């Protein structure tokens, strides 16, 4: 992508009502546009980050046997009434509307009930089980608080997966495999070291759940954790009973602010019983299916990564999800030879699958460098009259500011590898 063709522009100011650090940086850098509190549009650079987070997540969900689908965001009232979760006193985040044809419709805040209803068409026997399905879906939640940028939105993208098993043994095996898969996702995003599997309340889902909490000062939760024992407990369930169950004492735990980046729920057979989802066992008896639910906040992860990896200059993207690996900065002035040289390098990178954002704009060097720091690509390569005369390229690592001066051959070897 040539930066002169991007319709988005960097900016020094952010909306006066935007207080969250992640949204301030993402707005200034042109990754997102704020529509209203808790609602953001994702622009071309932002979409590239989200798609990379989704692809990492997709690969790990496929690896544990998940099959991808996509449900509708519109929800039938009667499905939710069967589990008493249409009632606003039970679930207080509904967006609802009247249908012109009559009746009410809800906008999906979760999908356990609809996906369970759908599975009645495809599961009838124990031979049909297990089934694991997942989707990337825009969720709508009428949140009272929406002040943490893209980390807590009224509209957001979630990966939600659902498991349908014969019984507890099969469910537990998949549940544990999914916990491992989630940690692989966080490792690939670079946040696993500060992410804990946390014992927590299940809220509107179940009595208890496991959350995946990442340490960040921008988080809205408080977790007590012990790194050596790899134990973490959400403040809301920190009591003597929980401590005894986990075999740990209060004085062994540290406190930290955290952001929830994932959660998993064990429904047992109750959810399927409520919605009438059963299978025939080997004796022909109808048995409610054992269900589980597994969520990862895709847009929230993007916000958490920005909070974790940014400095006073801007965003610092991990290579795994950076929109472009290289920010190629041309400092040519009116020198057509330098422009042609930079264009040649840009084309070589593109032809060899290196994702490059090429700053070909006719603006001052200082503005280009400031924008480069704000945008946060892992590497900045500078092409100028000076570097060409010296026969070396200036390569800056965004994460630590390290500067390398590489020959063209060394540059090709570093970024093109076997293709050089």
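At a glance:
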{"read-out": "Residue match in segment 234-243 (condition: in a strand (DSSP E or B), modelled with pLDDT under 95 and assigned by TED's automatic domain parsing to the domain that holds residue 82)", "value": "yes"}
{"read-out": "Complete set of residues in segment 65-82 that are more than 27 Å from residue 96 (Cβ to Cβ) and surrounded by 21 or more Cβ atoms within 10 Å (Cβ to Cβ)", "value": "66"}
{"read-out": "Residues (buried (at least 16 other Cβ atoms within 10 Å of the Cβ) and closer than 26 Å to residue 152 by Cβ) located in segment 243-256", "value": "253, 256"}
{"read-out": "Test: residue 259 is surrounded by 23 or more Cβ atoms within 10 Å (Cβ to Cβ), over 23 Å from residue 414 (Cβ atoms) and either at pLDDT 95 or above or in contact with a helix residue (DSSP H, G or I) (Cβ under 9 Å, 6 or more places away or on another chain) (or both)", "value": "yes"}
{"read-out": "Evaluation of residue 274 against (1) at pLDDT below 95; (2) surrounded by fewer than 19 Cβ atoms within 10 Å (Cβ to Cβ); (3) in contact with a helix residue (DSSP H, G or I) (Cβ under 7 Å, 6 or more places away or on another chain) (one fails), failing number", "value": "(3)"}
{"read-out": "Filtered residue count, segment 36-56, keeping only those that are more than 14 Å from residue 302 (Cβ to Cβ) and buried (at least 18 other Cβ atoms within 10 Å of the Cβ)", "value": "1"}
{"read-out": "Test: residue in segment 353-363 that is part of a helix (DSSP H, G or I) and either surrounded by 13 or more Cβ atoms within 10 Å (Cβ to Cβ) or without any contact (Cβ under 8 Å) to a residue 12 or more places away in the chain (or both)", "value": "no"}
{"read-out": "Qualifying residue in segment 381-391 (condition: under 32 Å from the mean Cα position of the chain (by Cα), in the same structural domain as residue 345 (by TED's automatic domain parsing) and in a strand (DSSP E or B))", "value": "yes"}
{"read-out": "Qualifying residue in segment 172-190 (condition: over 23 Å from residue 49 (Cβ atoms) and buried (at least 20 other Cβ atoms within 10 Å of the Cβ))", "value": "yes"}
{"read-out": "Single residue of segment 334-349 satisfying the filter (surrounded by fewer than 19 Cβ atoms within 10 Å (Cβ to Cβ) and more than 15 Å from residue 411 (Cβ to Cβ)) that is modelled with the lowest pLDDT", "value": "334"}
{"read-out": "Residue identified as under 23 Å from residue 380 (Cα atoms), surrounded by 19 or more Cβ atoms within 10 Å (Cβ to Cβ), in contact (Cβ under 8 Å) with a residue 40 or more places away in the chain and over 20 Å from the mean Cα position of the chain (by Cα) among 326, 316", "value": "326"}
{"read-out": "Condition met for residue 247 (touching a helix residue (DSSP H, G or I) at 6+ places or on another chain (Cβ under 6 Å) and on the phi > 0 side of the Ramachandran plot)", "value": "no"}
{"read-out": "Unique match (being modelled with pLDDT of 90 or more and crowded, with 18+ Cβ neighbours inside 10 Å) among 403, 395", "value": "395"}
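Yes/no matrix, rows are residues, columns are (1) assigned to a loop (DSSP other than H, G, I, E, B); (2) touching a residue at least 40 places away in the same chain (Cβ under 8 Å); (3) within 17 Å of residue 355 (Cβ to Cβ):
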| residue | (1), (2), (3) |
| --- | --- |
| 41 | no, no, no |
| 47 | no, no, yes |
| 50 | no, yes, yes |
| 53 | no, yes, yes |
| 71 | yes, yes, no |
| 88 | yes, no, no |
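The values are calculated or read from the model by the stated rules, or taken from the named source; none is laboratory data. As the structure is a prediction and not an experimental result, all values here were calculated from the model. Quick reminder, even Gly has a Cβ in these numbers, built from the backbone with ideal geometry, and neighbours come from all protein chains shown.
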